[in-house]
Structures are given as C-alpha cells and as structure tokens.
1. Could you identify which residue out of Asn120, Asn216, Asn224 has the top mean-square fluctuation in a GNM of the chain using Cα springs shorter than 10 Å?
2. With every protein chain present, what is the per residue accessible area of the chain (1.4 Å probe, Å²)?
3. If each DSSP helix of 4+ residues adds -39,500 (n - 2.57) and the sum is divided by the residues in the chain, what number results at 222 nm, nearest 500 deg cm²/dmol?
4. FRET efficiency for Gln186 and Glu132, Cβ-Cβ distance as r, R0 = 41 Å, nearest 0.05?
5. With the radius of gyration and the Kirkwood radius both derived from the Cα set of the stretch 47-119, what is their ratio Rg to Rh?
6. Could you check which residue among Gly239, Gly63, Gly91 shows the biggest mean-square fluctuation in a GNM of the chain with a 10 Å Cα cutoff?
7. Run down the aspartates and glutamates and flag those whose C-alpha is under 13 Å from the C-alpha of Lys206, throwing out any fewer than 8 positions away in its chain.
8. Is there a pair in Lys68/Lys170; Lys138/Lys263; Lys117/Lys265 whose C-alpha atoms are over 22 Å apart, and which pairs would that be?
Amino acid sequence: MGNHKLGLLLLLLTNVQSNEGDVGAERYNQIEQRIIGGQTAEDGLAPYQISIQTIPGSHLCGGAIIDKEWIITAAHCVTGWPPDFLRIAAGSNLYTEPLALYYLDRIHIHCNYDHPKYHNDIALLHVNATIEWHETIKPIALPREILNTNDPLLLTGWGLISLWDPYPEKLQKLQMYQVSHGECSQMLEDFDDITVDVGHVCAFVKRYQGACHGDNGGPLVYQNTLVGIHAWTYPCADGYPDVFTNVWYYRDWLRQAISGNSKCKSVISSLN
C-alpha cells in the first residue's frame, strides 16, 4: 500500500470501535483464521492466486496469473520496488510453502497511476521464466464485458484476518457483492479525497467482513473471470465498500502493454 494510503488507513483504524465500543472489540476477537469475516479457502480453489513477496519471502501483496509470463496486481503494490527485490509464489494455499517460485525482470505500471488520486491503480509483472501449468497453477480469464450482477463475487487473499494479527499463512476467501458506483460514492462520502468511477468496482458484504492490508492487488472473481484487483479499503471491514480496479476498463491497456505497443506505461527493468 502506498504511504499516503497506509497513513490514512492507520489513522482510521484508531477509530474502528468508535460506534460500537466493547461490542466491536468482542466481535473482532471472535474472528479467527479469516480474511476479515471470511473463511479458509479450499486447496486449489484459486489456482490463479499468487503472493508477491519480498526476497527472501515476506508476503507483500496479492495478484493473479493471466498468462504464462504475466501477473496482474495493483500499481501501489510494486511502485518503488526494483524487480530484483520481488518474487512470485504460486501453486499453494500456504504462501510460505509455494509449489513454484518465479522471479521478475520487468514491472509495467500504468503511466497515470494515482493521477487523479487513487485512480489507474494497475500493474503488470513479467516473470523471467515461463509459468508451468499445474492443477494448482492456472491463469484466470480476463472479462469480456463490464460487470453488472447481483450474484456473489469471490475475493481471496492472505491479508490481515483481524486488525492486530499477523498475516494468515493459509489463503482466505470471502463472498462479496457488487455495489453500484452511485451507492458506493454515497457510502464513501465521509472521505473527501475518494472518488469512484467506471475504472473501479465496489464490493461489500457488511461490517466486520471485507479485505484488509495484505489483500491489496488480489483478485476479485466472477464465474472464473477476473473482474477486479483490490485497490483500497477504508478502513478494514468497518462498514465501507472495498474498492477494486476494474479490469474490464483497462482491457486495452493490458493488451497493449503485453504486446509492447502501449504508449501509456512506466517500465521498471531488472538490473541483471
């Protein structure tokens, strides 16, 4: 998470119990081994899910495999990181025990990331070896149409399971539901510097359920199609929608960046 986002998140977390006091504290203490309010994912549930790790192996962010050479994630996850300092862990629900490790040689960040603020939060990571498919390592399809559904969406990740616990080792899952841009904007009106538009997908369940730090960059999936990558949460599971970068909106950028023809990119290459 970028410094400006993390600072706001930490500030807001100090007020997480302001409305419900001891009841809120008691409810958080009941959440065990979960993406906040979620469940432990079954083995092989999300074969596209990866952990972006700092070398030698600390979880940084989530992401998804979309091709034999490409990973998609949020720009704020990798901004400022040289490719040589990061690796991709794949093929296991335990990010500490991956089936395979891949290393990066290029990072493609959208050239307009954070312009305007909190927009264009998308990046592509190029691995330096072909990803080998396996029962637990498979790509996720990109969307062919804009998301518009009342059906459940699947969020997975290794983000915080409660506000004060470490990252869980086992992958977590949560069913979420799309929130319209209008309703999402109303729910986020307490935050003056936040706007959502067609470049975003908002998803929500209820208070005490949602994404948290460490889920950033991770996949939001509908019917085996990647519809969003987690961009931000204010604050964790406190009754506000989670906001995702709308993958459909950036389909042309993705296609052009992968082909090498995009004029809108900021590429960081390996030092090797």
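The values are calculated or read from the model by the stated rules, or taken from the named source; none is laboratory data. Computed from a predicted model, the values in this text were never measured in an experiment. Reconstructed Cβ throughout: ideal geometry from the backbone, glycine too, with neighbour counts over all protein chains shown. Accessible surface is based on the protein model in full, side chains and every heavy atom, while ligands, DNA and RNA are left aside. Shrake-Rupley method; radii C 1.70, N 1.55, O 1.52, S 1.80 Å.
1. The residue with the greatest mean-square fluctuation here is Asn224.
2. Averaged over the residues of the chain, the accessible area is 45 Å².
3. Helix-only estimate at 222 nm: -4000 deg cm²/dmol.
4. On the way: r = 46 Å, r/R0 = 1.12.
It comes out at approximately 0.35.
5. Ratio of gyration radius to Kirkwood radius: 0.97.
6. In this elastic network of the chain, the residue with the biggest mean-square fluctuation among Gly239, Gly63, Gly91 is Gly239.
7. Excluding near neighbours in sequence, the set is Asp238, Asp242.
8. Pairs exceeding the cut-off: Lys68/Lys170; Lys138/Lys263.
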